[in-house]
Amino acid sequence: MLMGAIFVFAVEIPEWIKATLVMIPFAFLIIDVISWWLTKLNTEFAWITIISGYGCSSANIIQALNLVMRNHVIYPMFSRVDSD
């Protein structure tokens, strides 16, 4: 949840991409909770739990890597001052 809040304030990312990447983990969390209840009824729904956990984790990793790349790799390359 905190990752999404930080990601919303990122600059130079189109709004539709930010909205999509912030909503994806929440959607996977809702699917995850629903699949817990479905798994209690029938164990074959356990695959949905695994897939939703993977989806939520991968969306958070994409957000984190995007922020790290922008803050520590891309912007510092363009903000270095030559000491001539």
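Readers should treat all values here as calculations from the given coordinates under stated rules, not as data from a laboratory. All values derive from a computational prediction rather than experimental measurement.
Quick notes on this structure:
- The residues of segment 11-28 that are part of a helix (DSSP H, G or I) and not aliphatic (A, V, I, L, M), listed by number, are 15, 16, 18, 20, 25, 26, 28.
- Tally of residues being of a type outside the set (A, V, I, L, M) and more than 15 Å from the chain's Cα centre (by Cα) across segment 16-65: 12
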